[in-house]
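Here's the structure we're looking at; comments come further down.
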Amino acid sequence: MKLFRSSLILGTLGLLLVSAAYADAPRQEVKKEAPGKKEAVKLVNQTVCPVMGGKIDSTIYTDIQGQRVYHCCPMCSKKLKADPDTYFKKTAKAGILFENIQTTCPVSGEPLEEKTVFTDYEGRRVYFCCKKCRGTFADAPDKYLQKMDQPAKKTVKTKKVEDKHQGRDQH
């Protein structure tokens, strides 16, 4: 029994000494990344045409999927419209941030009063009215990107015209 107590006391003292030595030792931080997770790319404003790679002309642009994409020449717009995903993905890898021109949430259709909730999706910064809509978008992004290209529905108010001939026999 005495041997067991002595061993226990010596073991505890040994642990305390090792802990104290470790506490005084300089520490190196090890950054652990989730498997498959890439380092975030720093986003920069667009300065070159995504189609031809030339310097942009701020008077030549295409409004597509809530983004204003500037071009070097008018011919690039047609190419972008024909295959937007290719150019958006290409620029996403380079960390290009296009000018966002959204005025409504692509999921709910509600006006965007504050642009605080967003996601960066394959080269597009997409804003939402709330976090719930951001989650809904993540489930079917292509559906909502197409919706962003459609012009907003305008409601036309019609004035009700009273029929003054009601109840009269018209011959």
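Just so it is clear, none of the values below were taken in a lab; they were calculated from the coordinates. Here the structure is a predicted model, which means the values were calculated and not measured. Please note: Cβ atoms are built from the backbone with ideal geometry, for glycine as well, and neighbour counts cover all protein chains shown.
Based on this model, can you work out whether residue 66 counts as in contact with a helix residue (DSSP H, G or I) (Cβ under 9 Å, 6 or more places away or on another chain) and within 14 Å of residue 141 (Cβ to Cβ)? Yes: the conditions hold for residue 66. In segment 50-79, of all residues being part of a loop (DSSP other than H, G, I, E, B) and either buried (at least 21 other Cβ atoms within 10 Å of the Cβ) or hydroxyl-bearing (Ser, Thr, Tyr) (or both), the one that is farthest from the chain's Cα centre (by Cα) corresponds to 51. Considering segment 85-102, and only residues there that are under 15 Å from the mean Cα position of the chain (by Cα) and of a type outside the set (A, V, I, L, M, F, W, C), the residue that is surrounded by the fewest Cβ atoms within 10 Å (Cβ to Cβ) turns out to be 93. Here is the figure for segment 80-106: residues that are within 24 Å of residue 136 (Cα to Cα) and either of a type in the set (A, V, I, L, M, F, W, C) or not in a strand (DSSP E or B) (or both) total 13.
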